[in-house]
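First up is the structure itself, then whatever we jot down about it.
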Amino acid sequence: MNGYPGKVIWFTGLSGSGKSSIANALEKQLFAQGKRTYILDGDNIRQGLNKDLGFSSSDRVENIRRIAEVAKMMMDAGLIVMTAFISPFRAEREMARQLIGADRFLEVYVATSLEICEQRDPKGLYKKARDGQLPNMTGLDSPYEAPLHPQMVVGKNSEPLEESIRTLIRFL
């Protein structure tokens, strides 16, 4: 009905890597092309659907499972869904890919270095973690498993945002 299939674009990377910024810029471009989109990120998921979850390993697994289920339903309704979550574990990202279907799942690794993420620190999370106020911070005292075979890598060479968006549009 839309003239294009629903898809899920799964952005993964450390806190402060630029996942939400890239997803928002991509959404604007897709909207300008007349495509229906939705962004799922920590702000709209952790305050509602997943407000009962913390940041333990098991809670992080359940967080990603729920996100994948919601993203699949939205994709089935014809939307291009962008998820902007750290999603630190490869197994859960693979679970999402299997649930959604590999042909409609695009894993995008936002490969910004920890050093740059800490410099950006838009929410002050790294500072809190370094001060001992925030345990289980991914990349510091909780692991982040970088994707082994993402369909796309952005942020690695600090390419301009516009270049990353153009590359993503070509993938769709």
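For region 60-82, a tally of residues being more than 17 Å from Glu94 (Cα to Cα) and not hydrophobic (A, V, I, L, M, F, W, C) returns 2.
A quick yes/no check of all residues on (1) in contact with a strand residue (DSSP E or B) (Cβ under 8 Å, 6 or more places away or on another chain); (2) among the hydrophobic types (A, V, I, L, M, F, W, C); (3) more than 29 Å from Gly124 (Cβ to Cβ):
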site: Lys7; (1), (2), (3): yes, no, yes
site: Ser17; (1), (2), (3): yes, no, no
site: Ser20; (1), (2), (3): yes, no, no
site: Leu26; (1), (2), (3): yes, yes, no
site: Ile39; (1), (2), (3): yes, yes, no
site: Gly42; (1), (2), (3): yes, no, no
site: Ile45; (1), (2), (3): no, yes, no
site: Leu53; (1), (2), (3): no, yes, no
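Only residues that are assigned to a helix (DSSP H, G or I) and over 21 Å from Ile67 (Cβ atoms) were counted in region 1-35, giving 4. Can we say Ser58 is under 29 Å from Gln133 (Cα atoms) and surrounded by 15 or more Cβ atoms within 10 Å (Cβ to Cβ)? So Ser58 fails the test. Cβ-Cβ contacts under 8 Å between residues 6 or more apart (or on different chains), taken from a first residue in region 17-29 that is touching a residue at least 60 places away in the same chain (Cβ under 8 Å) to a second residue that is of a type in the set (D, E, K, R) and buried (at least 17 other Cβ atoms within 10 Å of the Cβ), are listed as Lys19/Asp41; Ser20/Asp41; Ala23/Asp41. If I ask for residues that are among the aliphatic types (A, V, I, L, M), within 12 Å of the chain's Cα centre (by Cα) and farther than 18 Å from Asn136 by Cβ, which ones from region 68-90 would you list? If the condition is that a residue be among the aliphatic types (A, V, I, L, M), within 12 Å of the chain's Cα centre (by Cα) and farther than 18 Å from Asn136 by Cβ, then Ala68, Ala71, Val81, Met82, Ala84 are the ones that fit. Can we say Gly54 is over 21 Å from Leu148 (Cβ atoms) and free of Cβ contacts under 8 Å to residues at least 40 places away in the same chain? Yes. I'd like to check something: does region 1-13 contain any residue that is within 26 Å of Lys128 (Cα to Cα), hydrophobic (A, V, I, L, M, F, W, C), under 13 Å from the mean Cα position of the chain (by Cα) and modelled with pLDDT under 95? Scanning region 1-13, I find no residue that is within 26 Å of Lys128 (Cα to Cα), hydrophobic (A, V, I, L, M, F, W, C), under 13 Å from the mean Cα position of the chain (by Cα) and modelled with pLDDT under 95, so the answer is no.
Residues that are among the small types (Gly, Ala, Ser) and either farther than 17 Å from Gly54 by Cα or under 17 Å from the mean Cα position of the chain (by Cα) (or both) within region 133-156 comprise Gly139, Ala146, Gly155, listed in sequence order. Just so you know, in region 114-172 the residues that are closer than 19 Å to Ser56 by Cα and aliphatic (A, V, I, L, M) include one that is surrounded by the most Cβ atoms within 10 Å (Cβ to Cβ), and it is Ala129.
Taken as a whole, region 52-60 holds no residue that is among the hydroxyl-bearing types (Ser, Thr, Tyr) and closer than 26 Å to Leu168 by Cα. What's the total number of residues in region 1-20 that are more than 19 Å from Phe105 (Cα to Cα) and surrounded by 18 or more Cβ atoms within 10 Å (Cβ to Cβ)? Selection size over region 1-20: 5. What number of residues within region 117-163 satisfy the criterion of being of a type in the set (Gly, Ala, Ser) and touching a helix residue (DSSP H, G or I) at 6+ places or on another chain (Cβ under 6 Å)? Within region 117-163, residues that are of a type in the set (Gly, Ala, Ser) and touching a helix residue (DSSP H, G or I) at 6+ places or on another chain (Cβ under 6 Å) number 1.
The values are calculated or read from the model by the stated rules, or taken from the named source; none is laboratory data. The structure displayed is predicted, hence computed values, not measured ones. Here Cβ is always computed from backbone atoms with ideal geometry, including for glycine, and neighbour counts include all displayed protein chains.
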